[in-house]
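The values are calculated or read from the model by the stated rules, or taken from the named source; none is laboratory data. Quick caveat, the model's predicted, so the values are computed rather than measured. Here the Cβ positions follow ideal geometry from the backbone for every residue, glycine too, while neighbour counts run over all protein chains shown.
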Amino acid sequence: MGFKNLFRRCHKDNSESICLDKKIALVGNPNVGKSVIFNNLTGMYVTVSNYPGTTVEISKGVAKLDGKMAEVIDTPGMYSLIPITEEERIGRSILLNECPSVILHIVDAKNLDRMLSFTIQLIEAGLPVILVLNMMDETERMGLNIDIKKLEDKLGIPVIPTVGISKKGMETLRNKITEFL
């Protein structure tokens, strides 16, 4: 069964959710800045709870974006839609059951080549994805240059460069998210 069939219950295509609640799910590898982006969107520190029936912790909060309210879910670190660990099973379960209006795939921009396979899986599943290139300051210090426009064109999804700890790019990200809500 392809990824797209798994998510058909929640999403018609890459831009339209059939769920009533507005939700934003943050996904990505561990240590890419998901919690910092979460805090920037919600204006709060992470409120942690265990996912029902597990010891895996997830964080939820509320973001107000251009007058629209949305629940923000910070999923456990995951590398793929094909779960190996309990954390990845919970992350995938959140994507299947919570029906997010938009998924922010947050990546460490300086390691983009290792992280794009997960982006491709999310796109192929027909999920509404924004690729967030976090840690752009470190990427630039390393002398790496990412052609954002070309990456958007190749992937067919929005790509937003950010520096989560200094909030650089957050306003652009917030504006792009509102287009999905």
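Could you check Ile148 against (1) more than 21 Å from Thr178 (Cβ to Cβ); (2) in contact with a strand residue (DSSP E or B) (Cβ under 9 Å, 6 or more places away or on another chain) and say which number it fails? The single condition Ile148 does not satisfy is (1).
Can Thr119 be described as under 25 Å from Glu57 (Cα atoms), modelled with pLDDT of 95 or more and either hydroxyl-bearing (Ser, Thr, Tyr) or part of a loop (DSSP other than H, G, I, E, B) (or both)?
On the way: under 25 Å from Glu57 (Cα atoms): yes; modelled with pLDDT of 95 or more: yes; either hydroxyl-bearing (Ser, Thr, Tyr) or part of a loop (DSSP other than H, G, I, E, B) (or both): yes.
Here the answer is yes, as Thr119 does meet what is asked.
Could you grab me the full set of residues in the stretch 72-87 that are closer than 18 Å to Ile37 by Cα and either of a type in the set (A, V, I, L, M, F, W, C) or part of a strand (DSSP E or B) (or both)? Hits for the stretch 72-87 are Val72, Ile73, Asp74, Met78.
Checked against the criterion of being touching a residue at least 24 places away in the same chain (Cβ under 8 Å), outside any loop (DSSP other than H, G, I, E, B) and in contact with a Pro (Cβ under 7 Å, 6 or more places away or on another chain), the candidates Ile160, Ile90 yield just one match: Ile90.
Scanning the stretch 122-157 for residues that are assigned to a loop (DSSP other than H, G, I, E, B), over 13 Å from the mean Cα position of the chain (by Cα) and aliphatic (A, V, I, L, M) yields Ala125, Met135, Met142, Leu144, Ile146.
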